[in-house]
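In what follows, a structure is listed as structure tokens, so that the remarks can point back to it.
Just so you know, all these numbers are worked out from the coordinates, no wet-lab data involved. These figures come from a predicted structure and were not determined experimentally. Neighbour counts run over all protein chains shown; Cβ positions are idealised from the backbone, glycine included.
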Amino acid sequence: MFATSASAAPVPLKTPIYGVTLDTMSHFHKTLVSLENLPYKPTVRVVFDMGTPASDYRRKLVKLHKHAYVMGEVMDSYYFPTDLATYKARTQELVNELGDVVDVWEIANEINGEWLRANPNGSNATVNAEEAEIGQMVDAANTIVKNAGGKTAITLYYNDDGKGTNCWEKPVDDWHTWPASFLSATVRNQADYAFFSYYPYKDCPNLNPSWNTDFDTLGNLFPNAKLGFGEMGTSQKKAAWSIQSNLLTTYYTMLGKIQNPRYVGGVFWWYYAEEMVPYTGKYWQLLDQTISTLPAPQ
């Protein structure tokens, strides 16, 4: 089990989840002030940078955990391709060092993205072998987290709307089929959260999601998981206000519009550290105004 203290121990997330992402821990004091001023206690998704020891995060995460729920991202998809031994070792290091201040471990980020493979355009045999190893990485991470008493989240890259429009490189990357093909039944049954990452602006454009149908499908793939969005934003930080503000308001207010009873929100806006710190800026104000109209976590 995790080493715990009176002031820091993993706790169950209250729902709905109002999530934001920190892809940097710079200007940390201003970030804390920004988070503290949100109308509800947020869930903060922390991106752990490869090459940064887990111990370097400890002091800040102890402070962060006093003001927010914490979801720790074991390895962002940006850091792939990698290998099983590296993924397993990194998961073990993070869990050993930070298990008492991380409430949920995201053990798979955009895990069906073709860029995670060393050979995105390889032969079917090569692609299947590389995807199988990625599945083994998730399985190993799941074992580490569950053996430590932790909770897990898996995030799929939303790349197919089920209506003939997609942005996958190979059919094997389709989020509808990837989990059953490459994740063990144990991982899928034990997942506490299953999320979509969705980047419709210039990244995976022209999709026409039917979110109620899509979340029902996601729920069938992960039968015991709470459901939501695990990452949201634009691939370009300088995307127009009209585009970003529309995404933000649309997806944080999906609560009540998604009929699946396991839907808990999330969103986890990617550019929180860049756009909402300090909290005097227009993006923070928009998030504050949007969340203020929504139900309090229970």
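Here are the numbers for the structure shown:
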| quantity | calculated |
| --- | --- |
| Derived scalar couplings ³J(HN,Hα) [the stretch 80-94; Karplus, 6.51 cos²θ - 1.76 cosθ + 1.60; whole Hz; x for Gly, Pro] | 7, x, 9, 10, 4, 4, 5, 5, 5, 5, 5, 4, 4, 4, 5 |
| The stretch 1-98: trypsin sites (Lys or Arg not before Pro) in DSSP loop, at most 12 other beta carbons within 10 Å | LYS66 |
| Where a label projected 7 Å from the Cα of ARG58 along Cα→Cβ would reach, residues of the stretch 10-43 with amide N under 18 Å | 10 |
| Note, ³J(HN,Hα) from phi for the stretch 281-286, Karplus 6.51, -1.76, 1.60, rounded to Hz, x at Gly and Pro | x, 6, 5, 5, 4, 5 |
| Of (i) 68, 17, 16; (ii) 27, 24, 18; (iii) 33, 25, 15, the label for semi-axes √(5λ) of the Cα gyration tensor in Å derived from the coordinates | (ii) |
| Local electrostatic count at THR186 - Lys and Arg +1, Asp and Glu -1, tallied over other residues with Cβ under 13 Å | +1 |
| 5 angstrom amide H check on THR152, placed H, neighbours 5+ away | TRP105, ASP192, TYR193 |
| Distance violations [Cα-Cα > 26 Å] among LYS14/LYS238; LYS88/LYS238; LYS30/LYS257; LYS226/LYS257; LYS66/LYS146; LYS151/LYS238 | LYS14/LYS238; LYS88/LYS238; LYS30/LYS257; LYS151/LYS238 |
| Radius 15 Å from Cβ of VAL145, net charge of other residues (Lys, Arg +1; Asp, Glu -1) | -3 |
| CD proxy at 222 nm, helix term only [per DSSP H run n ≥ 4: -39500 (n - 2.57); per residue of the chain; nearest 500] | -10500 deg cm²/dmol |
| Full-extension gain in nm, ALA89 to TRP115, via 0.36 nm per residue minus C-alpha separation | 7.2 nm |
| Trypsin sites (Lys or Arg not before Pro) within the stretch 207-298, DSSP loop, no more than 15 other Cβ atoms inside 10 Å | LYS237, LYS238, LYS257 |
| Karplus 3J(HN,Hα) series, Hz, for the stretch 153-168 with 6.51 cos²θ - 1.76 cosθ + 1.60 (x for Gly, Pro) | 10, 10, 10, 9, 7, 6, 10, 7, 8, x, 10, x, 10, 8, 9, 7 |
| Cβ-defined net charge surrounding ASN37, 12 Å radius [Lys, Arg +1; Asp, Glu -1] | 0 |
| Within the stretch 117-189, trypsin sites (Lys or Arg not before Pro) in DSSP loop having at most 12 other beta-carbon neighbours inside 10 Å | LYS163 |
| GNM result for the chain, Cα springs below 10 Å: residue of SER77, SER210, SER184 fluctuating most strongly | SER210 |
| Average Cα contact separation per residue, the chain, under 8 Å, 6 or more apart, as relative contact order % | 22 |
| Extension gain (nm, one decimal) between LYS202 and ASN246, 0.36 nm per residue minus Cα-Cα | 14.4 nm |
| Segment LYS282-ALA180, length gained on full extension (0.36 nm per residue, minus Cα span) | 32.6 nm |
| Nonlocal amide H pairs with ASN112, under 5 Å, H built at 1.01 Å | TYR157 |
